[in-house]
Every structure is written in structure tokens, then in C-alpha cells.
Amino acid sequence: MAISLTLRTTLLLFLITLTCPKQCTSHAPLTLKLLLHTKSTKPQESSKKKTGYLHSKSTPSSHLDNSWTTDTSGIVSHVTPIPNPAAFLANISIGNPPVSQLLLIDTGSDLTWIQCLPCKCYPQTIPFFHPSRSSTYRNASCESAPNAMPRIFRDENTGNCRYSLRYRDFSSTRGILAKESLTFQTSDDGLITKPDVVFGCGQDNSGFTQYSGVLGLGPGKFSIVTRNFGSRFSYCFGSLTDPTYPYNILILGEGAKIEGDPTPLHISQDRYYLDLQAISLGENLLDIEPYVFKRYGSHQGGTVIDTGCSPTILAREAYETLSGEIDDLLLGEVMIRHVEGWEPYTNPCYVGNMKLNLLGFPVVTFHFAGGAELALDVESLFVSSESGDSFCLAMSMNTFDDMSVIGAMAQQSYNVGYDLQNMNVYFQRTDCEILDA
Ligand SMILES: *[C@@H]1O[C@H](CO)[C@@H](O)[C@H](O)[C@H]1NC(C)=O
Ligand SMILES: *[C@@H]1O[C@H](CO)[C@@H](O)[C@H](O)[C@H]1NC(C)=O
């Protein structure tokens, strides 16, 4: 009795973290229908602080290259994973003197925001950003953000421009638009500073934890990608559960690694859509009608790539088929038991040890237009309970609008390159260590 209770509690805990909407806030706009004219972004939190691979610069300011030439070839940020909620965080420095902040890498939203003192802030793992201690901080006017995606309005009392974003789980950030210098590392271990980047100085943030804010890499007008870094970026993610792996990286601008197999990219509703066409389990192409992945209506269906969303989300028919096949395989051949009380359609869960019991489990492959593929191995498909005696499928079904989402979990062990000029996304399964610098 005590044992099953414990199991249930553990399981419940991680089910909640896996399905919690805040892990997929960028997805919120779609499913949310703008709760109060708010915009959607999505943050996450991070707790890993020590990775050991970030070289601290002894005298950062002496290395600053404030010229910010058009050669943006070497702008990189080291990336730290956090397993719970599953997310990849970029280490970016802000202000002068620069202080580092950990931001959720989010291809599903546009506004970059950072918790700013003084504030009603949630706890983060590194010190808060203090605008009054930075010589480069400026309040920004609403004119600096024409057509901004987040709802903004001029505060008549102060003349500042206020923004407000709310996510579907009611987590939110509110504050003022500001301009700051962002300092990035360069591929040759130097530093480069980009002045006057408009961002949200978050003064009232809730519903998140651990990380300092969100790095909005979405395709909208407000995104730092489109506003500051031209038309290319790439990221290489290792494992979400290995914070010591030093090669996870985000590259902004011309130096992005655009490698591997391309698939056409479509931008709509400020989201990156890919053309997912089929899913296979091992050698077997699953019987899913291709229309299941297509966009329809004004903005329903389709497949979005969104690093700010932890799990993979599939449209009902695709989810039912894939999870059904996986269930058959596990219960039939591997002889695993369902964890009691799992809810069909939200993460089937099993009694067993993920590493031991799923040895040799077939890869699930997502097939995209043009031939690009994303292969999901056990680590990308399942999450283990902390105790290691049960595990769940790290996917959920979108019952709301049939949109499918390729989240952070599914992108482990891949370099993903975005070329917004030629409108392609490139997938390359790789060990990030061997990406040439
Ligand atoms: C972020 O990068 C800076 C500069 O390289 C480094 O000093 C700091 O330790 C890093 N922070 C984290 C949390 O990794
Ligand atoms: C920004 O605006 C706030 C009022 O909202 C003000 O207290 C602060 O001094 C301003 N900062 C700068 C650098 O102008």
C-alpha cells in the first residue's frame, strides 16, 4: 500500500510537470485565443547553474567589441539544459558591466524579456538583473516597437511603454519596454556587444521558476532574430539530462550552422511551421492520413517547431496511432505494465526502468517534406520518474486545435538550422562536439 502510494505520488508529480501548460506557453496563443489581449511568450525556468564549460572572462569589458560590425559570424551562446521542466537555456549577458542571465530559448515566441529589479519576481537561480546598476539601460518608447507582438501601451504618467503577456496557464510577465546592450560570446572565445536591443524589463512575473526570462527567437516582428540578427540561427542540443555536456550551443546570425537535410519552413501567425508528413516506428510507417498534419481553417492544425515547449504534442489522430503502437509494443513484447491510474490520452505510463526495459526500443522518426527527418530515440520519447521505477511517453495530444508541436525533448541530439531567407529548416543528427567552430 505504502509502495503504491509512493509510486502514485511520484508519478503524479512528473505527469504534472510534463503536461503543465507553462512548459508550452508559446503554444498558448494558439490554443488560448488571447485571453486578455495578451501576447504569448513562453518562459521556463532553469536551475542548473554549474556547467563548467563557460569560460569566464577575466576582464570582460576590455574585450568588448562595441563596433558591432555587420559581420555577425561568430555570435554564440552556451546553452544549459534543465530536465524539469525540460528546456534549454541560453547564457547571455546584459548591461554594462555585463551580468549573465539564463534565458529560455524559445522559437515559439517573439518577445525577449528578463526579470528586472525592483520587481514582483519569481525566484531565479542566478542574481536578478538590476537596471539601475547598468550604464547602458534605457527606457524605450512604444515607437521603438512598431507592430510589436506583445500588447504594449504608453504609460501616461511616466511616458514609458508598458507591455503585458499572459500565458494559457495564467503565468505572465508585465513590465516596461527597455533597451540594453546584450553581450554574447564569439566562436573564438571573445565577446561582442549588441547595443540597444529592445526587450521586456519584467517587473511583475509569475508562474515561472528558475530561469531569468525568455529569449524570443520566433519569426514575429518583435523577435531579436528578425530585429537584430539577420535571417539565420541554429542551435545544437545534446541531452536534457546531461548538464555537464559542454557543447550545447546557440548561434545567431551568419555563423549559424545550416547543415543537414532541409525541409521547407512556413511562417504564419508568428510561428515556424514545418511540413510533417509521416511518422514511423522502427521500420513501420504508421497508418496516419497525411491530412492530419496539415493546416486548415484560419490557424488550426499544422506542425510547429517550438523549443519553448517541452514535450511533443500531436494532433489527436497521430497521437492515438503512435501511442497505441508504442503501447502494443511495450505491453506485448517487452512485457511492461501500465502504471495504475494513467489517463489514456495523456502520457501513457509504464512500470519499469526506462534505461533497462527500453534497451533497443525502436526509433520513432518524423518525416518532413523534402526528406528531412527527426529521429526520436528513447531519451526523446520517454521521461523517467525520479525513482527510476516507472516512465511515461513524453508526448501529449492536442485536443484543442489539432496542431502538432515539435518541442525541446524531440530536438535532443540534433543541430537545427533556420534559414529565413531561403525558408528552410535543417536537421542534422549530431554530437554537438563535432560541429566545426
Ligand atoms: C554564463 O557565462 C558567463 C560568462 O562566460 C559565466 O561567467 C557564467 O558562469 C555563466 N553562467 C552560468 C549560469 O552558466
Ligand atoms: C525609466 O523609467 C522609470 C519610471 O518608470 C524611472 O524610474 C527610471 O529612472 C527610468 N530610467 C531611465 C534610465 O531613464
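Bear in mind that the values in this text are calculations on the coordinates, not laboratory data. From a predicted model like this one, the values you see are computed outputs, not experimental measurements. Here the Cβ is made from the backbone with ideal geometry for all residues, glycine too, and neighbour counts use every protein chain on show.
Annotations for the structure displayed:
- 15 Å cut-off, amide nitrogen to a point 7 angstrom out along residue 386 Cα→Cβ, residues in the range 209-235: none
- Each peptide in 214-224, 184-194 receives the mean, over its residues, of other Cβ atoms within 10 Å, and ordering these scores from highest gives 214-224, 184-194.
- Centre separation in Å (Cα based) which lies between the range 234-262 and the range 407-424: 9
- Where labels lie 7 Å past Cα in the beta-carbon direction, separation of residue 242 and residue 196 in nm: 4.3
- Distance (nanometres) between label positions extended 7 Å along Cα→Cβ at residue 359 and residue 373: 2.5
- Distances between placed amide hydrogens fall under 5 Å for residue 352 paired with 390, 391, all partners being 5 or more residues away or on another chain.
- Residue 263 sits among other residues whose Cβ lies under 13 Å from its own Cβ, and their net charge, with Lys and Arg +1 and Asp and Glu -1, is -4.
- Contour minus Cα-Cα distance for residue 285 and residue 327 (0.36 nm per residue): 13.5 nm
- Under 11 Å, Cβ to Cβ, from residue 293 - net charge with Lys/Arg +1 and Asp/Glu -1: -2
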